[in-house]
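All remarks here apply to the structure that follows.
The values are calculated or read from the model by the stated rules, or taken from the named source; none is laboratory data. None of these values were measured; they are calculated from a predicted model. Reconstructed Cβ throughout: ideal geometry from the backbone, glycine too, with neighbour counts over all protein chains shown. Surface areas here come from the heavy atoms of the whole protein model, side chains and all, with no ligands, DNA or RNA. Shrake-Rupley method; radii C 1.70, N 1.55, O 1.52, S 1.80 Å.
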Amino acid sequence: MNELLQITPNNEQVFFVVRHRLKKGKTIHQQYESWLGKIVPIAASFTGHLGVQIVRPPEGHNEYLIVVRFASIHDLENWQQSQQRSQLINEIAPILDKDESLDIKTGIDYWFTPPTVGKHPRRWKQWLVTSSVIWPLTMYVPPVMEPFFLKLQPWFIKYPELEEFGFRQGVLAMVIVGLVVYAIMPVYVRLISKWFFKD
């Protein structure tokens, strides 16, 4: 876990992926749901917390997936190493079938991570979904950005090398990729997950 923390940029949004496999029992799921009701608001009170997604197991299965989004790896580390989380994990440990599984995903990595245990989506689906997001953005972002570039026109005249080295295209690329990574793709993939992760 510490190695993952060290190699992730401090200013990059991250997903803290936690898997809990429960023991079998009539009241185990109720106990776990009650525990979730305690830990979720506590985690939300920590700096940099951006939201949580809980994927509950289908009938007959016992593995929960919790994905907590943080603004940076530093914010995640504060929560992961906090006394509050340690106490809550110790509290739930007796009903876990094995130790919790922890992982850290960056924005791009998490696009194509299955919401439940299983295969990753097919390559053609990844290509289709990514294209369907970027295609309209390449149509609508440039006109929206045009007033910004018009304000920079004096700089383009004074420093023609800005145009030669593709400054305009570089800014457009950064805006489009930023929208895809942080705004659109996480929500989009979640909405189509039933089809997307199906074999």
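In the structure displayed, which of Lys38/Lys105; Lys26/Lys125; Lys105/Lys151; Lys23/Lys125; Lys26/Lys198; Lys38/Lys125 lie more than 28 Å apart, Cα to Cα?
Distance filter (> 28 Å) returns Lys26/Lys125; Lys105/Lys151; Lys23/Lys125; Lys26/Lys198; Lys38/Lys125.
All other residues with a Cβ under 15 Å from the Cβ of Ile176 taken together, and with Lys, Arg as +1 and Asp, Glu as -1, what is their net charge?
It works out to a net charge of 0.
Could you tell me which of rounded, prolate or oblate describes segment 125-184, using a ≥ b ≥ c as the square roots of the eigenvalues of the alpha-carbon gyration tensor, with rounded for a/c under 1.5 and, failing that, prolate when a/b is larger than b/c and oblate otherwise?
In terms of gyration-tensor shape, prolate.
Net charge within 15 Å of Arg85 by Cβ-Cβ distance, Lys/Arg positive one each and Asp/Glu negative one each, not counting Arg85 itself?
-4
From the square roots a ≥ b ≥ c of the eigenvalues of the alpha-carbon gyration tensor of segment 41-199, which class results: rounded (a/c under 1.5), prolate (a/b over b/c), or oblate?
It comes out oblate by the Cα gyration axes.
Take the chain, connect every pair of alpha-carbon atoms lying under 10 Å apart with a spring to form a Gaussian network, then pick out the residue of Asn78, Asn90, Asn62 with the largest mean-square fluctuation.
Its mean-square fluctuation being the largest, the pick is Asn90.
Over segment 140-199, average the accessible area per residue using a 1.4 Å probe and give it in Å², no decimals.
Numbers: 4300 Å² over 60 residues.
The answer is 72 Å² per residue.
What residue among Glu91, Glu77, Glu63 has the largest mean-square fluctuation in a Gaussian network model of the chain, using Cα springs under 10 Å?
Looking only at Glu91, Glu77, Glu63, the biggest GNM fluctuation is shown by Glu91.
Between Thr138 and Glu12, what is the FRET efficiency for a Förster distance of 35 Å, r being their Cβ-Cβ separation, to the nearest 0.05?
0.90
At R0 = 45 Å, how high is the FRET efficiency between Lys38 and Leu128 if r is their beta carbon distance? Nearest 0.05 is fine.
For R0 = 45 Å, the calculated efficiency reads 0.65.
Quote the FRET efficiency, to the nearest 0.05, computed for Arg21 versus Val187 with a Förster distance R0 of 35 Å and r equal to the Cβ-Cβ distance.
0.80
Between Thr27, Thr106, Thr138, where does the largest GNM mean-square fluctuation fall for the chain, given springs only between Cα atoms within less than 10 Å?
Maximum fluctuation in the GNM of the chain, among the listed residues, is at Thr27.
How would you rank 173-181, 123-131, highest first, on the average number of other Cβ atoms within 10 Å across their residues?
On the way: 173-181: 15.0, 123-131: 12.7.
Ranked by mean Cβ neighbours within 10 Å, highest first: 173-181, 123-131.
Can you send over the carbon and sulfur percentage of the accessible area for the chain, probe radius 1.4 Å, protein chains only?
Accessible surface attributable to carbon and sulfur in the chain totals 59 percent.
Rounded, prolate or oblate: which fits segment 33-80 when a ≥ b ≥ c are the square roots of the eigenvalues of the alpha-carbon gyration tensor, with rounded for a/c under 1.5 and prolate only if a/b beats b/c?
Prolate is the answer for segment 33-80, as a/c is 1.5 or above and a/b outweighs b/c.
Hey, got the dipole for the chain? About the Cα centre, +1 on K and R Cβ, -1 on D and E Cβ, debye to the nearest 20?
Numbers: 21 positive and 18 negative charges, 157 e Å.
In debye, rounded to 20, the chain gives about 760.
Tell me, what is the percent relative contact order of segment 40-190, built from C-alpha pairs under 8 Å that lie six or more residues apart?
18
So if each residue of separation counts as 0.36 nm, and I subtract the Cα-Cα distance between Gln169 and Glu91, what length gain in nm does that give?
Stretched fully, the Gln169-Glu91 segment lengthens by 22.8 nm.
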